[in-house]
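The values are calculated or read from the model by the stated rules, or taken from the named source; none is laboratory data. Computed from a prediction, not measured in an experiment: that's the story for all the values here. Here the Cβ is made from the backbone with ideal geometry for all residues, glycine too, and neighbour counts use every protein chain on show. Each accessible area value is taken on the protein alone, full model and side chains, heavy atoms only, with ligands, DNA and RNA left out. Shrake-Rupley method; radii C 1.70, N 1.55, O 1.52, S 1.80 Å.
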Amino acid sequence: EHNWRFANLYSRGTAYGELYENLGKNIEQMSAGKIKVQVLYSGEGVGSSGILGAVKSGLVTMGAPFQSMHAGELPAGVVEIGLPGGTDDVGELSTLFHEKGWDKVLKEAYGAQGLVWLDPYIQPPVYIITKKPINSVADFKGLKIRAPGAYGKFLRQLGASPVSLAWSEIYTSLSTGVIDGSIGSNMIDHRDGNHVEVAKYMYRLPLAGAQVLPIVVNRSAWNKLTPELQAIVSAATTIHAREQMTKSKLWESQAVAEMEAKGLKWSPEPSAEDKAAWKAAAASLWDEYAKSDKYSAQLIEILKKQ
Amino acid sequence: MITKAIQSYCNAVHHLVDFVGRSVGYIMPLLAFVVVFEVVARYFFDSPTIWAYDLSLFMFGYISALSGAYAQQKRAHINVDILYNHVRPKVRSIFNILSFSIALIFALIIIYMSIDKFYEAIEFNYRRQSEWAPHMHHFWVMMVVACGLLSLQLISDILLNAYFFVTGKKLIPNAPDTEEFTHGN
Amino acid sequence: MGIELLTGVLLLCILVTFAMGAPVGLGLGGIAMIVGYMTWGDGIFNVIPTTLESTFFSFILLAIPLYIYMGQLLTRSGIGDAMFNASQMLIGKIRGSLAISVIVVCSMIGAMVGIIGAGIMTSGSIALKPMLDRGYDKRLALGVIMAGGGLGILIPPSVPMIMFASSTQTSVGRMFIAALIPALITIVLLITYVVVSCKLNPSKAPIGNDAHDEMTPKEKFRTGRDGLFSVLLITAVLGSIITGIATPTESGAIGVAGAVLLAIVFKRFKREIFESAGLSSALLVSVAMWIIFGATVFSNFHLLMGVQNMIAGFTQDLGLPPIGVIIMFQLIMLLLGFIIDEFIIVLICAPLFTPIAVSLGFDPIWFGILMILNIEIAVQTPPYGFALFYLKGIAPPDITMLDIYRSVTPFVLIKLFVLVLCMLFPDIVLWLPNKMMNG
Ligand code: NA
Ligand code: NA
């Protein structure tokens, strides 16, 4: 009855890709075949920065976007995914989203653009890899680091020079020294990009505690579902969120182990002052982000009350 | 009467597209300059800009899209000319009318979608996702202009080919397509 | 409509519009929209904005305008020609020597760029005219540019290799090193082919009319000096990549700055040259980008309809011996070259095929290099191939598509030979990375 297309950012056959495939299968099974889901992987019809727009226009029905790529379309998504300095405590995040009211704000923010926001899931945090060890926060001064958007702003607070590069040029640029370091959207991304071949040192403090990512659905397709079917899709995303949580932890540790086997080293444990400087740099960003639109302002207001 | 109108339409479009096409050539050196500026700022002064990345991409997009009509006028768009070169001029004009119509449909749909995107960009204040976060709306205006010019040029080419098919004569002395065709540079 | 039938309809439409001589990019986009409207409805039009953003805002593709502009400036100021003049002064007595210098220059360009479009259009800008001007057989000249320009993705840096490595979790460094011997074999075979075919058919490559003997010492000095400086420019561009001043994409702009500087130093800088280089580059960039855009709209529509599931279906229950599976993968990728570009082939096939190849006991690096060699062939086999279109864009007006189709045969065979060689003797690929990176 309902033919859905579901776009995600991962390649066919990758570990993460399988999770999205499971979500599609669960929706099909739980709805007894009433909703058929065709999963579209990386490169299959929609570019990575086009997922939000494609869901909005109905080109695809459901999407798992990465909000940093849509910072210009939906600034509140950047606050949602986790600004630098945010928590990685699952309990805290859950309270923030379900009790303190982030869910209401986000439903409205996505809703304003014709999107239905379904319960988000958590992916592991963003880390930064550098060619030289970072012995103290002062070592970031003058380093050229590939870090887009909010992460770039954060690193500038610490004296680094953020650089914009295409993802496929990170490897070459690290190897020749165009840049001194790069963030990866998580440890798995660093491993897949082979960054450890050309940069050895991982900094211990993550840029954002955890990344919270939503599943979004085109509103008119959603409204065509009966309430029962809507409940089924929601339930399937809850199962998916749980799967993401358990699997991500495992895959992250595997990725770290693989990189360590290839020679990954960790920069020394940051001092108390380092941690304080890191926090201060992050906090200074919150006000700036609150200005980007009204939904961001509401989210940050809630965050500050916490 | 109608012939005169067609003739003046085609001439007007020719000049307009020619003017825009020639102007776009001046963006090339600016594009190269922006990229060199970024390299120098980053390598020699350790202070990469936040704007060069998006600005260079915008210029790239402007050049690519806006020259499309000029490329059509110059018959520089790539085609597979194997059968095309060996058919009689009248058959060739039929081929042209058909294929330019397909192209026209494409260009019109791009205009239609770009207008939508423009209003969306204004309504939701769409920007690029970078730290610089420049506005997106002008890009969609540019696309409308680029594909508008392309459509005008395609319509002109369709009219000229149709006139040739009906009368066997050229409406504009140096019109391409019908005998020898000029191409590129 | 089932995906098999839709694929058939789309292929038929491609053939018909191509036969009518439609502009390739606009035609592909138009067909996709018309067929899309009939099978999907007006919702398919939404593929246009997202495709526009993903093609026009691709930083990797920015190499295309920058390198084309560098090539055009070098050609129009005569600096590019100076390089070949100098080489002719030295080795002009050898038949086919110009084509050999062109292959060497193409290899150097291949070491700068990471994508096919920039490789072919830069090589074509600089090196096609000198060969045609000196009376080289046009098929030989076109084929050399096509084969040499295609080295852009085989000689590191290479964007498709980086994409392969990330989607299969293999090492980029290993890939880059593993490609070196196959690239060297390709270059040697290309040069051998040029020498042998010119020996057999001397009219293909006329020897210079002894103009160099009549040159005054002053002229000889100038030719040598200009040639030296233009080689230095290429070296400087390469150097800016290797020393970390610029990324491969940005280094095209370094080349532009260098070309302008050289032209000023040699008093060849004229306003008309500057303007005509800008104008012709803009035109070439537009031609390339409208093809990429139209073709991407076409393939995005096809992918949204699920063609990738059809490909995935082929890989199941094969019942072939391991090497048979590898051969079948190669055939599928060659066929895909009919409908999609180099990046999408890697994006779809690398994650689908590599795990199967590995489970059959093959090395993923070896399989990746086979894939790159294969793509090089796929994009230059008629009737549909991006390399063919780029070359047509850069070629003078009197070169027809048929000339280009005909020119590729011997060079495709050479590349096919290298592919088979690497398939039969994996050590060609694996020996060097194992030697350099183990330990
Ligand atoms: Na290369
Ligand atoms: Na092909």
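Annotations for the structure displayed:
- Test: residue in region C:421-436 that is within 14 Å of chain A (Cβ to nearest Cβ), more than 16 Å from ligand 1 (Cβ to nearest atom) and assigned to a helix (DSSP H, G or I): yes
- Criterion (open to solvent by less than 10 Å² (accessible area, probe 1.4 Å) and either assigned to a strand (DSSP E or B) or within 21 Å of A:TYR10 (Cβ to Cβ) (or both)) met by exactly one of A:VAL217, A:VAL256: A:VAL217
- Here C:GLY306, C:GLY324 are screened, and the one residue that is open to solvent by 10 Å² or more (accessible area, probe 1.4 Å), of a type outside the set (Phe, Trp, Tyr) and more than 14 Å from chain B (Cβ to nearest Cβ) is C:GLY324.
- Residue that is nearest to the other protein chains (Cβ to nearest Cβ), among those in region A:101-158 that are in contact with a Lys or Arg (Cβ under 9 Å, 6 or more places away or on another chain) and part of a strand (DSSP E or B): A:LYS144
- Pairs with Cβ under 9 Å, 6+ apart, first in region A:171-193 and basic (Lys, Arg), second part of a helix (DSSP H, G or I): A:ARG191/A:GLN254; A:ARG191/A:ALA255; A:ARG191/A:VAL256; A:ARG191/A:GLU258; A:ARG191/A:MET259
- For beta carbons closer than 6 Å, sequence separation of 6+ or different chains, a first residue in region C:245-256 that is within 7 Å of another protein chain (Cβ to nearest Cβ) and under 9 Å from B:ALA32 (Cα atoms) and a second that is open to solvent by less than 10 Å² (accessible area, probe 1.4 Å) and among the aromatic types (Phe, Trp, Tyr), the qualifying pairs are C:VAL256/C:TYR69.
- Screening C:ILE377 on (1) more than 16 Å from ligand 2 (Cβ to nearest atom); (2) within 26 Å of C:LEU11 (Cα to Cα); (3) of a type in the set (A, V, I, L, M); (4) more than 14 Å from chain A (Cβ to nearest Cβ) shows it passes everything except condition (1).
- Scanning region C:167-195 for residues that are free of Cβ contacts under 8 Å to residues at least 60 places away in the same chain and crowded, with 24+ Cβ neighbours inside 10 Å yields one hit, C:VAL172.
- In region C:49-66, the residue that is nearest to B:PHE60 (Cα to Cα) out of those that are more than 9 Å from chain A (Cβ to nearest Cβ) and out of contact with any Gly (no Cβ under 6 Å at 6 or more places or on another chain) is C:PRO65.
- Of residues in region C:149-161 being open to solvent by 10 Å² or more (accessible area, probe 1.4 Å) and of a type in the set (A, V, I, L, M, F, W, C), the one nearest to ligand 2 (Cβ to nearest atom): C:VAL159
For every residue, the table says whether it meets (1) without any contact (Cβ under 8 Å) to a residue 40 or more places away in the chain; (2) away from every other protein chain (no Cβ under 14 Å); (3) within 16 Å of ligand 2 (Cβ to nearest atom).
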| site | (1), (2), (3) |
| --- | --- |
| C:SER77 | no, no, no |
| C:ASN85 | no, yes, no |
| C:VAL105 | no, yes, no |
| C:MET108 | no, yes, no |
| C:ILE120 | no, no, yes |
| C:LYS138 | no, yes, no |
| C:ALA147 | no, yes, yes |
| C:PHE164 | no, no, no |
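- Among (1) crowded, with 24+ Cβ neighbours inside 10 Å; (2) farther than 30 Å from A:PHE97 by Cα; (3) away from every other protein chain (no Cβ under 14 Å); (4) of a type in the set (A, V, I, L, M) - the single one A:ILE179 does not satisfy: (3)
- Among the residues of region C:11-37, those that are closer than 27 Å to C:LEU284 by Cα, crowded, with 19+ Cβ neighbours inside 10 Å and among the aliphatic types (A, V, I, L, M) comprise C:ILE14, C:MET20, C:ALA22, C:VAL24, C:LEU26, C:LEU28, C:ILE31, C:ALA32, C:MET33.
Results for (1) open to solvent by 50 Å² or more (accessible area, probe 1.4 Å); (2) among the aromatic types (Phe, Trp, Tyr); (3) within 14 Å of another protein chain (Cβ to nearest Cβ), shown as yes or no for each residue.
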{"site": "A:ALA210", "(1), (2), (3)": "no, no, no"}
{"site": "A:ILE232", "(1), (2), (3)": "no, no, no"}
{"site": "A:ALA235", "(1), (2), (3)": "no, no, no"}
{"site": "A:SER248", "(1), (2), (3)": "no, no, no"}
{"site": "A:ALA261", "(1), (2), (3)": "yes, no, yes"}
{"site": "A:GLU273", "(1), (2), (3)": "yes, no, no"}
{"site": "A:LYS279", "(1), (2), (3)": "yes, no, no"}
{"site": "A:SER292", "(1), (2), (3)": "yes, no, yes"}
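- The C-beta contact set for region C:319-340 (first residue over 23 Å from C:PHE386 (Cα atoms), second residue open to solvent by less than 10 Å² (accessible area, probe 1.4 Å) and not polar (S, T, N, Q), distance under 7 angstrom, 6+ apart or interchain) comprises C:ILE326/C:ALA357.
- Residue check, C:ILE428 farther than 24 Å from C:GLY27 by Cα, more than 13 Å from ligand 2 (Cβ to nearest atom) and either surrounded by 14 or more Cβ atoms within 10 Å (Cβ to Cβ) or over 21 Å from the mean Cα position of the chain (by Cα) (or both): yes
- Within region A:23-44, tally of residues that are in contact (Cβ under 8 Å) with a residue 40 or more places away in the chain and crowded, with 16+ Cβ neighbours inside 10 Å: 6
- Some residue of region C:343-361 being at pLDDT below 90, closer than 19 Å to C:SER167 by Cα, open to solvent by 10 Å² or more (accessible area, probe 1.4 Å) and within 16 Å of ligand 2 (Cβ to nearest atom): yes
- Here region C:384-409 is the region considered, the condition is being surrounded by 22 or more Cβ atoms within 10 Å (Cβ to Cβ) and at the interface with chain B (Cβ under 7 Å from one of its Cβ atoms), and the residue that is farthest from ligand 1 (Cβ to nearest atom) is C:MET401.
- Among the residues examined, C:SER58 qualifies as without any contact (Cβ under 8 Å) to a residue 24 or more places away in the chain, more than 16 Å from ligand 1 (Cβ to nearest atom) and of a type in the set (S, T, N, Q).
- Here is the figure for region B:112-128: residues that are more than 7 Å from every other protein chain (Cβ to nearest Cβ), open to solvent by less than 30 Å² (accessible area, probe 1.4 Å) and under 19 Å from C:ILE44 (Cα atoms) total 1.
- Within region B:83-105, residues that are over 18 Å from C:ILE34 (Cα atoms) and more than 8 Å from chain C (Cβ to nearest Cβ) have Cβ atoms under 6 Å from residues that are open to solvent by less than 50 Å² (accessible area, probe 1.4 Å) and basic (Lys, Arg) in no pair, counting only partners at least 6 apart in sequence or on another chain.
- Residues being within 12 Å of chain C (Cβ to nearest Cβ) and aromatic (Phe, Trp, Tyr) - total across region A:182-206: 0
- Residues of region C:345-363 that are touching a residue at least 12 places away in the same chain (Cβ under 8 Å), more than 9 Å from chain A (Cβ to nearest Cβ) and among the small types (Gly, Ala, Ser): C:ALA357, C:GLY361.
- In region B:6-32, the residues that are more than 8 Å from chain C (Cβ to nearest Cβ) and open to solvent by 40 Å² or more (accessible area, probe 1.4 Å): B:GLN7, B:SER8, B:TYR9, B:ASN11, B:ALA12, B:HIS14, B:HIS15, B:LEU16, B:PHE19, B:SER23, B:LEU30
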